[in-house]
Structure formats: C-alpha cells, structure tokens
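> The structure is given below, and queries will be raised subsequently.
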Amino acid sequence: MASRRTFLKAGVALLATQAARNRVGHAASLKDDADAVLRRAADAGDVPGVIATATSRDRTVYEGAFGQRALGANVPMTTDTVVCKDTLSVGRRGI
C-alpha cells in the first residue's frame, strides 16, 4: 500500500506533466489524467476514498472523487463528502 506522501507526490507529478503537455500542445486533459490516477489508487486499495481539487486564482480547474466514504460501507465518495484534508500548494516555480 502506498503512503500518503507517495500519493501526494504522484498528484504533483501529474499536475506538472499536464502543465508541460499544455505548453507543447498535447490534447490530453487534466481531468482524464487525474481521474485515471485517482480511480486507480481507489480501485487498488491504496486509499479507501479520495477527493481532489485543483484551482487557479480564478477558478476550479479540476474536481474529482473516487472510492468509498468509509471502509466496509458501500457509499461512494463525492466531492462534497466531509473529510479531514491535506493540502499541497505549488507556486509558479514548483515545490
């Protein structure tokens, strides 16, 4: 099972990859890439459930939720599920 730190590092790498793609004109969307990473983590059991949001100064650029709200419960995680949060801020220069 991956640690939370590893999971957060993967998220940062995903965002950096997407930013680089956007600079060179690739068409893959942040939503598709982020959804794939988060769904894979929830499906593999690395996390029981996950909510992720990415914002700019002006708007929400990504929002997604995957997995279950609680272990053993068949209630899906949603973007409005109340959880303890962990934040990661990345400036223009990166981490």
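The values are calculated or read from the model by the stated rules, or taken from the named source; none is laboratory data. Remember, predicted model here, so these are calculated numbers, not experimental data. Neighbour counts run over all protein chains shown; Cβ positions are idealised from the backbone, glycine included.
Residues checked against (1) at pLDDT 85 or above; (2) surrounded by fewer than 15 Cβ atoms within 10 Å (Cβ to Cβ); (3) in a helix (DSSP H, G or I); (4) of a type outside the set (Ser, Thr, Tyr):
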| site | (1), (2), (3), (4) |
| --- | --- |
| 6 | no, yes, yes, no |
| 10 | no, no, yes, yes |
| 13 | no, yes, yes, yes |
| 16 | no, yes, yes, yes |
| 28 | no, yes, no, yes |
| 35 | yes, no, yes, yes |
| 61 | no, yes, no, yes |
| 83 | no, yes, no, yes |
| 89 | no, yes, no, no |
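> Could you run through segment 37-59 and say how many residues are surrounded by 13 or more Cβ atoms within 10 Å (Cβ to Cβ) and either hydroxyl-bearing (Ser, Thr, Tyr) or outside any loop (DSSP other than H, G, I, E, B) (or both)?
The total comes to 11.
> Working only within segment 63-79, note down all residues that are in a strand (DSSP E or B) and not aliphatic (A, V, I, L, M).
Looking only at segment 63-79, we keep the residues that are in a strand (DSSP E or B), and these are 63-68, 76.
Selection gives 63, 64, 66, 67, 68, 76.
> Kindly indicate whether residue 73 is farther than 17 Å from residue 10 by Cα and either loosely packed, with under 12 Cβ neighbours inside 10 Å or modelled with pLDDT under 85 (or both).
yes
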